[in-house]
1. Confirm whether Phe115 is closer than 24 Å to Lys37 by Cβ and in a helix (DSSP H, G or I).
2. Would you point out the residue of segment 167-186, among those that are among the hydrophobic types (A, V, I, L, M, F, W, C), open to solvent by 40 Å² or more (accessible area, probe 1.4 Å) and closer than 18 Å to Leu138 by Cα, that is modelled with the lowest pLDDT?
3. Scan segment 1-33 residue by residue and report those that are open to solvent by 60 Å² or more (accessible area, probe 1.4 Å) and modelled with pLDDT of 90 or more.
4. Please enumerate the residues belonging to segment 121-148 that are over 16 Å from the mean Cα position of the chain (by Cα), surrounded by fewer than 20 Cβ atoms within 10 Å (Cβ to Cβ) and either touching a residue at least 12 places away in the same chain (Cβ under 8 Å) or within 28 Å of Val93 (Cβ to Cβ) (or both).
5. So the check is Cβ under 7 Å with 6+ separation or different chains; which pairs have a first residue in segment 28-53 that's farther than 12 Å from Ser111 by Cβ and a second one that's aliphatic (A, V, I, L, M) and at pLDDT 70 or above?
6. Working only within segment 97-119, note down all residues that are without any contact (Cβ under 8 Å) to a residue 60 or more places away in the chain and open to solvent by less than 60 Å² (accessible area, probe 1.4 Å).
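The values are calculated or read from the model by the stated rules, or taken from the named source; none is laboratory data. If you're wondering where the values come from, they're calculated on a predicted model, not measured in any experiment. Note that each Cβ is placed from the backbone with ideal geometry, even for glycine, and that neighbours are counted across all protein chains shown. SASA here: full protein model, heavy atoms, side chains in, ligands and nucleic acids out. Shrake-Rupley method; radii C 1.70, N 1.55, O 1.52, S 1.80 Å.
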Amino acid sequence: MKLNDIVADEKHGNGLLGLLIFLLVVGVTVGSVYLAKNSGDMGEGIKNYIGSFCTAVSENKNSMTVFKNSLQANLISVGIIFLMGFLRFGFIVTGAIIVRKGFIIGFTTASFIKFYGAKGMLVMLSTMPTILITIPTLLLFSAVSIKYSLNSERKSKKIIFSYIFFMIIIISIFCVASLSEGYLTTTFMSWVSPKLS
């Protein structure tokens, strides 16, 4: 059995993707609720941080730094998910990564909307190109990793080679996503940020 046979197994694949999407939504919800419950205690600090961040972007758009940081974070996530494919219970860690990603998205989105309203939505829209690339790719790779970890034939050389090749494709996609975040997102934010003040 090859890796593409594992990926093409629609019955289990759709169920796994559905579960991972659910975990992502849980993370987004928890992130939003966490901000709502703690905004009184840390609201001013979050607002100041967002304000200083937006000012830094509008004054000095350092696209290369954003690209490097984004790529590093993406590669760490891909590396962990890849390694979890070799462990029988690696799906627990993979699921936790999805929930964490959702939490970050939910918390960040809720923060911008809470403190800047419709203008905050503009900032979040500037991140959409990156999100539309990274989230589906992350969910797909996570599903493949989980199915690989539960496959009794995962030690087969052909499957291992296919799994590694698939990871290389995923890394290539994340490189594009990081480029988008480093150059498109920062450009959009540099246009939108002055409107927040």
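1. Spelling it out, Phe115 is indeed closer than 24 Å to Lys37 by Cβ and in a helix (DSSP H, G or I).
2. Leu179
3. Leu19, Ile21, Phe22, Val25, Thr29, Val30, Val33
4. Result: Leu122, Lys147.
5. Val28/Ile105
6. Ile97, Gly117
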